[in-house]
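In what follows, a structure is listed as C-alpha cells, so that the remarks can point back to it.
The values are calculated or read from the model by the stated rules, or taken from the named source; none is laboratory data. No experiment lies behind these values; they were computed from the predicted model shown. Every residue, glycine as well, gets a Cβ built from its backbone with ideal geometry; the counts of neighbours run over all protein chains shown.
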C-alpha cells in the first residue's frame, strides 16, 4: 500500500508534523478507513525518500492519540474506534451515511470546536497524570447512599414534577451559606443558578452578555472551553499574558472596557494564583472602565500553602463579577452539578435565560447535595480530600526533585495539578508525551489537555501533571520511568538535532 504524502522542507512545521497531519487528514476524510492497514515505516520512508525515524515518530504520535494501532507482526492499522474529536471532524467534513441536509447558508450560523475534557487517547496508560480528576476512592459512597435513600423515600411529587429552573431552593440556600463561609461572598440564594457544571454556567452568562459588541480579555494560556465558547458566539478575543502572579492586569487597555475571564484561584493551565494586589487592581479597572469580570473559581477548594485568597466576587462591591463554581473536582465530574452567581440586578434575567436553556437539573442529586452541604459533611469531605491530595502533591514534588534535581514547577501551592518545565536539552513535550505512553505513563503537553495557547509558544517545553487520582507508590514509579525515558531519548536523538526547542524569552 502507498500513501500520497507531500512535504515542504521550507515550511515552519517539521517533516514529522507534516506526516502526522497528512495521515490524520486521510483518516478524518475517510480516505483511510477504520481497519485499513498502513505501510511499514521502512517501506513508507523509502517511498517518500525521507528518514525512517521521521515516519516512526509520526506513527508514534498517531498511535498515542488513538488514530492508529499496532497489532504486532500483523502490522499497523487505522483504529476501529477513533477519538471523539475525529468523529466530530468527520461530521463537519460532511462524511455521513444519510442524505445531506441542504439548507440555505443564512440559516446556519454556528461555528466552533469541542473542548478537550476527556483523555485524547483510546487506551489509558497504567499510570495516568490526566488533569482535573478527583480520586474515585475518596468519593463518600456510603454517606451518599444513605442520603440518597432518605431523600428518595420521601420524594413525594418531586420526581414527577418540574422544579425551579434556577435550582432547588434548599441547595441554593446551602450554597449561599457555604460561599459566605469559605469564599467571603455575601450573596442571596436568588443570585445563584444551579447548572450542570461550569461550562453550562458559562453558556448562561454569555446569553446575558452582548458578546459580539464588546472585547473579551482572556488569560493566555487559558481554559480551552471558555475560549472556544466565546469565539463560537462571535466574541472578539484579546489574550492577556499570565506570569507568576497570575493575570497581568497592567496589560488591559485603560481607554476601553469589556469582559474579562479569569481563573484566579489556580489559573488553568499554569496553576498560578492571582495575587490580592492584582485582584484589587482588576476590580478597580472594571469599575473605572464599566466592565464585567467572569470568575471561574477553578480548584478553589484545594490550597495547601498559605491562606486562601478571597474570591473576586467576595471583594466586589460594585457587583461586576459573575462567579462560576462546580463540584466536578471536589466531589466528582459524574455528578454534573455546578452553579453560577450573578450580580443582584441580573437575578431575574438569569432565571429567565436558565428556563429557556432547560427546565432545571435533576431533583434527586440537588436534594442530596443540599443536605450534604448543610449537615457539614461536605466540609468534612473537603478536609479529608485536601489532606490526601497534599500528600500526593508532596510525593510528586519529592520524586521530581530526587530524579531531576532542581526543577521549575508552577501551581504547586494549590489545585490538583502542577506544570513541570522539562529539563534543558529535553525533547519537545508532545514527543515526550507519546514516548511516555509506550512505557505505561500518561503525561500531557498543554495542547493535549483542556488548555489553549493563542500564540503557540508555551506548550513545547512543559508537561501538565495531574496527581490527585494516583497513589504515591505509582507516582514514584512514573517519575522514575520518565527519568529513564528522557535519558534514553537525549542519548538517542541529540546527535541528530531532531527536536528543536523553543527559547525562553
Query raised in the report: What do you reckon, is residue 167 on the phi > 0 side of the Ramachandran plot, crowded, with 23+ Cβ neighbours inside 10 Å and assigned by TED's automatic domain parsing to the domain that holds residue 321?
Result: yes
Report summary line: Residues of the stretch 197-214 being in a helix (DSSP H, G or I) and either crowded, with 19+ Cβ neighbours inside 10 Å or within 20 Å of the chain's Cα centre (by Cα) (or both), in sequence order, are 198, 199, 200, 201, 202, 203, 204, 205, 206
Report summary line: When the stretch 332-345 is checked residue by residue, the ones that are over 17 Å from the mean Cα position of the chain (by Cα) and surrounded by fewer than 18 Cβ atoms within 10 Å (Cβ to Cβ) are 344, 345
Query raised in the report: Out of curiosity, is residue 156 on the phi > 0 side of the Ramachandran plot and over 26 Å from the mean Cα position of the chain (by Cα)?
Result: yes
Query raised in the report: Is it true that some residue in the stretch 404-419 is under 21 Å from the mean Cα position of the chain (by Cα) and farther than 24 Å from residue 223 by Cβ?
Result: no
**Report entry** Total residues in the stretch 301-315, condition under 19 Å from residue 187 (Cα atoms), assigned to a loop (DSSP other than H, G, I, E, B) and touching a helix residue (DSSP H, G or I) at 6+ places or on another chain (Cβ under 6 Å)
**Finding:** 3
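Taking the condition buried (at least 22 other Cβ atoms within 10 Å of the Cβ), over 23 Å from residue 386 (Cα atoms) and free of Cβ contacts under 8 Å to residues at least 60 places away in the same chain, does residue 432 pass? Working first, answer last.
Details: buried (at least 22 other Cβ atoms within 10 Å of the Cβ): yes; over 23 Å from residue 386 (Cα atoms): yes; free of Cβ contacts under 8 Å to residues at least 60 places away in the same chain: yes.
Here the answer is yes, as residue 432 does meet what is asked.
Output yes when any residue across the stretch 49-56 is modelled with pLDDT of 85 or more, assigned to a loop (DSSP other than H, G, I, E, B), out of contact with any helix residue (DSSP H, G or I) (no Cβ under 9 Å at 6 or more places or on another chain) and not assigned by TED's automatic domain parsing to the domain that holds residue 440, and no when none is.
Scanning the stretch 49-56, I find at least one residue that is modelled with pLDDT of 85 or more, assigned to a loop (DSSP other than H, G, I, E, B), out of contact with any helix residue (DSSP H, G or I) (no Cβ under 9 Å at 6 or more places or on another chain) and not assigned by TED's automatic domain parsing to the domain that holds residue 440, so the answer is yes.
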Report summary line: From the option list 133, 145, 181, single residue qualifying as closer than 30 Å to residue 466 by Cα, in contact with a helix residue (DSSP H, G or I) (Cβ under 9 Å, 6 or more places away or on another chain), surrounded by fewer than 13 Cβ atoms within 10 Å (Cβ to Cβ) and modelled with pLDDT of 85 or more is 181
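State all residues of the stretch 215-240 that are free of Cβ contacts under 8 Å to residues at least 60 places away in the same chain and in a loop (DSSP other than H, G, I, E, B); if no residue qualifies, say none. Spell out the reasoning first.
Filtering the stretch 215-240 for residues free of Cβ contacts under 8 Å to residues at least 60 places away in the same chain gives 215-219, 230, 233-236, 238, 240.
Result: 233, 234, 235.
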**Report entry** Scan of the stretch 60-72 for residues that are outside any loop (DSSP other than H, G, I, E, B) and either buried (at least 18 other Cβ atoms within 10 Å of the Cβ) or modelled with pLDDT of 85 or more (or both), ordered by number
**Finding:** 60, 61, 62, 63, 64, 68, 69, 70
Query - Residue that is modelled with the lowest pLDDT, among those in the stretch 5-25 that are touching a helix residue (DSSP H, G or I) at 6+ places or on another chain (Cβ under 8 Å) and loosely packed, with under 12 Cβ neighbours inside 10 Å - result: 9
**Report entry** Evaluation of residue 162 against (1) part of a loop (DSSP other than H, G, I, E, B); (2) modelled with pLDDT under 90; (3) over 30 Å from residue 42 (Cα atoms) (one fails), failing number
**Finding:** (2)
Report summary line: Per the filter on the stretch 241-260, residues in a loop (DSSP other than H, G, I, E, B) and closer than 20 Å to residue 272 by Cβ are 244, 245, 248, 252
Query raised in the report: Given (1) surrounded by fewer than 18 Cβ atoms within 10 Å (Cβ to Cβ); (2) outside any strand (DSSP E or B), where does residue 28 come up short, assuming only one miss?
Result: (1)
